[in-house]
Amino acid sequence: LLSQTHTILDQLATSPYPELPSPETTKRRASVAFIIRIQPSYAHWPEHNEKVDNLSTFFSHPWVQHGEPELLFIKRASRKGDRWTSHIALPGGKRDPADPSDQAAAIRETLEEVGLDLNQHAIQCGNLPQRLVTTHWGKKPLMVLCPYVFLLTSHEIPPLRLQPTEVAATHWVPLRSLLAPEQRTVAFEDVSSRLANQETGVRKWMLSLVLGKMLFAAIDLLPTESLHSAETPAPDAPSQTQSHRNIRPTLSSRYTALVHRIYTSDLFNQFPTPPKPGPLLLWGLTLGVVSDFLDLLPPHDALTLWTYPTFTPLDVRFIVWVMTYRFKERKRAELQAGTTLTSPDAKPAFGAASESISASTVLVERPGVGGTEEERRTDETGLHGLGTGSAVGDVKGRKAAVATMLEGYYDIVRRAVGVALVGRASLVALVVWMVWRRWRS
């Protein structure tokens, strides 16, 4: 894995992905830092801490050759009204007018959020595919997201300094665990918070009642090193710190604990049960960015890291499954037969095609280059979706666009939800009619 990481970083540094221009409807841009470090092994601890300026010299060190590559994640602080509150993310934020470039924005935001100076302690290793982030259900553009890759060249860096109102914790996670199939799981998201623009009251309650939650592909992170902020305020009480390590007790868990105390004759709770740690789920937009990198690593199967999003109510889930069945089969067929990448150096991005399925890739011109309106469409990804991505190398000026696994999926989902709601209304009307008829008779 280490030699493969070296190869990918070298290729990204020499052949970066092209810049995606902002659409006319929104000029907002945001940058994130994809920060990799090499964690040394016990038997091969580094003896010196000299600064290294190139990848070849760094990866030639014995302690690096026996180390383990890890990726830095942050857990965002809980903030009311924040679209990505408490999510697992990469360090970064929106670009300011004073930032000379998107990469400079990623460097500045990393220093502000976690206190890590990438200019001093890291090598810049190019970027990952940029993408236009749109609203989850519609196609309203929100911003262009620009991920940049950095490699820490020293194991001994200053302690991280977390910005308490932005970051609740940091986690170093091995790349190997991100590739492990046993870490794949699902994340539940309250869809009403998206449809109702995080409103409260009757509208949000009705949406929750009708649609329930959505299920998204996720990875359960296993960090080797974590740092938690003790100053992060709770969302509703600025003077109160919030716990990000443990699952908050629910009504059912309190009743269960009470029954356990009665059963064990511990009525005064002298021996309380230790709280359970909360899961660290990587999903949504950050999963898409991370998977862009993971898909470059053998066995190039990052497409299996996720499943199609669906809903928790069984009737809605069944209708979505029925109406998207042919769509999924068509996508699967497209990924199994087609043309090949024209360049052996092309590195496809997650959501486009991986090297293991590169025979399915069809290359068309990038937006603004020419072709039909469909071919000129900007790379898009929903808030919880994955972008189309693009290839580097000889075809870095083009877009790898066999329509992605999720391209067009939400259009069908919207119709399926409408069908489910009509079905429910019809069923209620039928029951009311039968009751009314029985009462009249």
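The values are calculated or read from the model by the stated rules, or taken from the named source; none is laboratory data. These figures come from a predicted structure and were not determined experimentally. Virtual Cβ from ideal backbone geometry, glycine too; neighbours counted across all protein chains shown. Just the protein is used for accessible areas: all its heavy atoms, side chains included, with ligands, DNA and RNA removed. Shrake-Rupley method; radii C 1.70, N 1.55, O 1.52, S 1.80 Å.
Go through (1) touching a Pro at 6+ places or on another chain (Cβ under 9 Å); (2) modelled with pLDDT of 60 or more; (3) surrounded by fewer than 15 Cβ atoms within 10 Å (Cβ to Cβ) and name the single condition E225 misses.
Of everything listed in (1) touching a Pro at 6+ places or on another chain (Cβ under 9 Å); (2) modelled with pLDDT of 60 or more; (3) surrounded by fewer than 15 Cβ atoms within 10 Å (Cβ to Cβ), E225 misses just condition (1).
Does S15 satisfy the criteria of being of a type in the set (S, T, Y) and farther than 29 Å from Q130 by Cβ?
In short, no.
Of (1) outside any loop (DSSP other than H, G, I, E, B); (2) under 22 Å from L20 (Cβ atoms), P129 satisfies all except one. Which?
Against the list (1) outside any loop (DSSP other than H, G, I, E, B); (2) under 22 Å from L20 (Cβ atoms), P129 comes up short only on (1).
Please verify whether S78 is of a type outside the set (A, V, I, L, M), at positive phi and surrounded by 13 or more Cβ atoms within 10 Å (Cβ to Cβ), treating the condition exactly as stated.
no
Mind counting the residues in the range 258-304 that are under 26 Å from T134 (Cα atoms), in a loop (DSSP other than H, G, I, E, B) and either among the polar types (S, T, N, Q) or modelled with pLDDT of 75 or more (or both)?
3
Consider S243 against the criteria (1) at pLDDT 75 or above; (2) in a loop (DSSP other than H, G, I, E, B); (3) among the polar types (S, T, N, Q): it satisfies all of them except one. Which criterion is unmet?
Failed condition: (1).
Are any of the residues in the range 106-115 without any contact (Cβ under 8 Å) to a residue 40 or more places away in the chain and either under 16 Å from F34 (Cβ atoms) or part of a loop (DSSP other than H, G, I, E, B) (or both)?
Taking every residue of the range 106-115 in turn, at least one turns out to be without any contact (Cβ under 8 Å) to a residue 40 or more places away in the chain and either under 16 Å from F34 (Cβ atoms) or part of a loop (DSSP other than H, G, I, E, B) (or both).
Suppose we keep only residues that are open to solvent by 70 Å² or more (accessible area, probe 1.4 Å) and aromatic (F, W, Y) within the range 407-441. Which one would you say is nearest to K331 (Cα to Cα)?
W433
With the requirement that a residue be more than 28 Å from V289 (Cβ to Cβ), of a type in the set (F, W, Y) and buried (at least 16 other Cβ atoms within 10 Å of the Cβ), what does the range 23-70 give you?
Residue satisfying the conditions is W63 alone.
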